[in-house]
1. Amide H of A:D155: which non-local residues (sequence gap of 5 or more, or other chain) have their own amide H closer than 5 Å, using H built in the peptide plane?
2. Taking the Cα atoms only, what angle lies between the long axis of helix B:126-146 and the longest principal axis of chain B, rounded to 10 degrees?
3. Within 10 Å of each Cβ in peptide A:102-112, how many partner chain Cβ atoms are there on average? Round it to a whole number, please.
4. With charges only on Cβ, +1 for K and R and -1 for D and E, what is the dipole size of region B:113-196 about its Cα centre, in debye, rounded to 20?
5. Other chains' Cβ within 10 Å of A:181-190 residues: what's the mean?
6. Determine, for B:L43, B:L56, the number of other Cβ atoms within 10 Å of each Cβ, and report the residues in order from fewest to most.
7. Take every Cα-Cα distance within the protein assembly as shown, group them into 10 Å bins from 0 onward, and report for each bin the whole-number percent of pairs it holds.
8. May I ask you to evaluate 6.51 cos²θ - 1.76 cosθ + 1.60, the Karplus curve with θ = phi - 60°, for each residue of region A:150-164 and list the ³J(HN,Hα) values in order in whole Hz, giving x for glycine and proline?
There are 2 protein chains.
Amino acid sequence: MARQARGAARRAALVEAAARVLDRDGLAAVSHRSVAAEAQVPLGSTTYYFSGREELVGAALDAWLSAEEQRLTTVVAALARRRRSPRARAELVVEVLVGRDRAADQSALVRYYERFVEAGRLRAHRPRLARSRTAYDALLADVLTRSGAAPEGIDVRLLTAVTDGSLLNALIDGAPDPWEQTVTTVERALRCHGAPN
Amino acid sequence: MARQARGAARRAALVEAAARVLDRDGLAAVSHRSVAAEAQVPLGSTTYYFSGREELVGAALDAWLSAEEQRLTTVVAALARRRRSPRARAELVVEVLVGRDRAADQSALVRYYERFVEAGRLRAHRPRLARSRTAYDALLADVLTRSGAAPEGIDVRLLTAVTDGSLLNALIDGAPDPWEQTVTTVERALRCHGAPN
DNA sequence: GAACTACGTGTACAATCGTACAGGTTCAGG
DNA sequence: CCTGAACCTGTACGATTGTACACGTAGTTC
């Protein structure tokens, strides 16, 4: 059994490297060769542990999503439970769904949203992102109730749509400050949905 | 001068073919070879009329956006000016911004939104999409005022974000009916923004 | 210690891509 | 007519990609 354990560890190292490439250089950059170079293993190893590029990208996606989800969960769990202003609520919404750093970095936004498109293209990736999205929705509701909103007044789907849509549009209108623009828009949405009380 | 006119016509035919490929097979499929095949001209012609792939894609994008914009403008101009229900207003919003056919076709949605991501990646494409987006915003406001909404109550940016965000999320959650889900969400948004009266 | 199997990897192949460019053709202007 | 420039195209090069696969190594089992 030590045999298989060693193999699994090697594979895990490859997945980790793939996730790093995905995060740093984007989806298209995740290739057999780039991952092998990142993990400092020979090219042949990637074809030994993964049946094809799709599986490689899928594993990278899984690893990346898990890490992101775990990070966020701890952040939200540590969030103080107190009443917050609409502005503060809006900032938290965007922070949870996308993150401030990403919202402020054009190329990071591109790398983030290209995954949505890719999930639409390749059905095999959909469950991964869908599961992650569900977790985010729960986190979002949690954040809002921790901020003093009535649970039944929260329209998570609308808030998610506003955030993603605003940031996506920021990619094409070249807005100077996507973060600010998105938070403002989300705040307006919150006036009616997500925190009416 | 007949010389240059003939060349321009040839180039225009290439651009038209490129726009067809873009619409049918997506951004990645717009290559020198595919466009040449679509236009039924030799490969060499594409390098003669376009300095590189970026210019080819840009021209295709321009042509596609112009056609789409023109089509929509006539549709909106023909729209009867009468008071409409929130549901009908929501349907019009989604129809103007994305279109019912596209919203119902997963792969068409992918081809549509991958352009947003590409515009974020390549700055040269941003002005094209931004100009088109501005025109759509005007059309959207027009549609809503034609439906009985108060102009000052319309938050175009929010409605755009909701629509795009909802459809983008539909790509990953595998919703059975993205159109319906999006219209419903937009309708909720309209309750407060875009048509409060 | 022999045999078997999981592990590991170097190399190569076929496909696709953007792009360059030599060379040919056509046509307007002198 | 002739000449030069615009128009046109077939071909090929270099790079990159996913993938296959023969071949070697090491560790487990009997």
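No lab work stands behind these numbers, since they all come straight from the coordinates. From a predicted model like this one, the values you see are computed outputs, not experimental measurements. Here the Cβ positions follow ideal geometry from the backbone for every residue, glycine too, while neighbour counts run over all protein chains shown.
1. Here A:G194 satisfy the definition.
2. For helix B:126-146, the angle is close to 30 degrees.
3. 2
4. The dipole magnitude comes to about 480 debye.
5. Mean inter-chain Cβ contacts per residue within 10 Å come to 3.
6. Going from sparsest to densest Cβ surroundings: B:L43, B:L56.
7. 5, 21, 29, 24, 14, 6, 1, 0
8. Coupling constants for region A:150-164: 7, x, 6, x, 8, 9, 4, 4, 5, 5, 4, 4, 4, 4, 4 Hz.
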